[in-house]
Amino acid sequence: MINNKNIVAKATVRNLRVTPQKLGLVAELIRRRTVDDAMIQLQFSKKRIARDVLKCLKSACANAESKVELNDVLKIDEVLVGKSISMKRFHARARGRANQICKFFSHLTITLISDMELKKKETVITEKVADEPVVVKEAKAKKAPKHDVKDMKKDIKSQNVKDNKKTSTTRRVFSSSGQK
């Protein structure tokens, strides 16, 4: 199988003080995005670890600058999150007992590719917009369906009649011996 991806750059951060699960949530934000979109996502993320992921992404971009021209569109190909060491601590409990606490660390690897197809699409779109004026059509709002007041009153009356009907209930009588 031939791989058409042009891997441009890679950056790795080892032993980040965050669990792999939490790092995976931030990594999912930037997978399969362009570098510019990913940076915006990370800058406005409320997660603490987003700053470290942004540093790793900037490092990967700096690695790409030394290999590729700056006008290429870079896209994130892979964001790998892996388990690292875990610090083991203990929490003192009652009666001289202790519970173990594991503090997990993670590894992060970001791989960038040069996306020439995306660059070609952007140039084609800008050329089309420059040649032809763009006409935007406004959508008409749909009118809400009209309900007859008489029909609504009939429905309300029929519901009230159903609610007022007495339903027969059977009671079980238990004797002191527990039999029916």
May I ask you to sort Ile110, Ile40 by Cβ crowding, counting other Cβ atoms within 10 Å and putting the fewest first? Ile40, Ile110
Can you list residues whose amide H is under 5 Å from Ala9's amide H, if they're 5+ apart or on another chain and H is modeled 1.01 Å from N? Leu112
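Would you mind ranking Met116, Met39 by Cβ crowding within 10 Å, fewest neighbours first?
Taking fewest neighbouring Cβ atoms as first place, the list is Met116, Met39.
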If each of Lys58 and Glu28 carries a label point 7 Å out from its Cα toward its Cβ, how far apart are those two points in nm? 2.7
Past the 26 Å Cα-Cα mark, which pairs from Lys46/Lys88; Lys47/Lys75; Lys55/Lys88; Lys22/Lys58; Lys46/Lys103? Lys46/Lys88; Lys55/Lys88
Suppose each label sits 7 Å from its Cα in the direction of the beta carbon; what would the Phe44-Lys88 distance come out to in nanometres? 4.5
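Taken together, the values in this text are just the output of simple stated rules run on the coordinates, not laboratory data. Owing to the predicted nature of the structure, the values given are computational and were not obtained by experimental measurement. Glycine gets a Cβ as well: all are built from the backbone with ideal geometry, and neighbour counts include every protein chain shown.
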